[in-house]
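Single-structure report; data block below.
The values are calculated or read from the model by the stated rules, or taken from the named source; none is laboratory data. All values reported here derive from a predicted model rather than from experimental measurement. Cβ placement follows ideal geometry from the backbone for every residue including glycine, while neighbour counts extend to all protein chains displayed.
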Amino acid sequence: MVPGAPGISQAQSSLPSRFLDSVTFPLIAIPDDSSTGDDNSKLTTEETSVKNPQIESTDATSGHDLTPPHGLDEIIATFGNIYEYIGTGGQLAPRWQSDFLAKTSLPFPLRLAWDPSRVITQMTCHRLMTGIFASVFAAIQKNALESKVVSFGGCFAFRPQRTGSKLSAHSWGIAIDLNPGSNRQGSAGDMDARVVEFFKNEGFEWGGDWKGKTRDPMHFQFCTGY
Ligand SMILES: [Zn+2]
């Protein structure tokens, strides 16, 4: 879930102001351009100028040996201690991105949910996740399901979970939101079952399997128990 959607809970009012700032919708765009500092128009040019890479298709089983971490301690052990990069004012040091994040090429363009006039062919994620995300999208493409991925709602973003005060898995660049317009938090959504399958094949947990108000069908994360 990109909690940029309206309705920040009052429970988050005690969070540092930086957290609240990060929940506003336009800042969801941060994931893919904050590392370069480019303005959006330049970003679009750069992102879309990348030729579609030829990525090896995946079989039904995962082609990597990275085990999804379970719980916060394992997430930190696997993907880095983000808390060491958070300043006293709640801001995330830019060094977090340079130390742990990288861009991965996408085999087909994704339309930005917050600006449908723009498409991207790269996205920023954790550097250990570049091949895994690429494998998922390659599988989607191989099975001609690109049309089922209507829009990209964000991958890396520094922010709390909407339903709690802990950091979202998006903060590590290990979660992605797709088709947010029709897969709002708490709804059943309309995520294609085969798209879900391809993410699960690579080790992702699907937010659509969560219960109650935390149900989040737009959301896939490479961790469990968090
Ligand atoms: Zn999400």
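In table form, for the structure just shown:
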quantity	calculated
One residue from Phe152, Phe198 being within 26 Å of Ile82 (Cα to Cα) and buried (at least 17 other Cβ atoms within 10 Å of the Cβ)	Phe152
Qualifying residue in segment 145-153 (condition: within 16 Å of the ligand (Cβ to nearest atom) and part of a helix (DSSP H, G or I))	no
Candidates Met129, Met191, Met123, filtered to the one that is buried (at least 20 other Cβ atoms within 10 Å of the Cβ), more than 19 Å from Thr78 (Cβ to Cβ) and either β-branched (Val, Ile, Thr) or under 12 Å from the mean Cα position of the chain (by Cα) (or both)	Met123
Condition met for Phe222 (at pLDDT 95 or above, within 16 Å of the ligand (Cβ to nearest atom) and either within 20 Å of Ala77 (Cα to Cα) or within 12 Å of the chain's Cα centre (by Cα) (or both))	yes
Matching residues in segment 165-202 - criterion: being in a loop (DSSP other than H, G, I, E, B), under 24 Å from Asp115 (Cβ atoms) and within 14 Å of the ligand (Cβ to nearest atom)	Ser168, Gly173, Ile174, Asn179, Asn183, Arg184, Gln185, Ser187, Gly189, Met191
Criterion violated by Gly208 - all others in (1) part of a loop (DSSP other than H, G, I, E, B); (2) in contact with a Lys or Arg (Cβ under 8 Å, 6 or more places away or on another chain); (3) at pLDDT 95 or above satisfied	(1)
Residue selected from segment 203-218 under the condition within 15 Å of the chain's Cα centre (by Cα) and either charged (D, E, K, R) or within 14 Å of Phe133 (Cβ to Cβ) (or both), by the criterion nearest to the ligand (Cβ to nearest atom)	Asp216
Boolean, Ser147 is under 18 Å from Leu112 (Cα atoms), of a type in the set (Ser, Thr, Tyr), in contact with a Lys or Arg (Cβ under 9 Å, 6 or more places away or on another chain) and surrounded by fewer than 22 Cβ atoms within 10 Å (Cβ to Cβ)	no
Cross-chain or 6+ apart pairs with Cβ under 9 Å, segment 164-180 first and in contact (Cβ under 8 Å) with a residue 40 or more places away in the chain, then within 7 Å of the ligand (Cβ to nearest atom) and acidic (Asp, Glu)	His170/Asp177; Asp177/Asp216
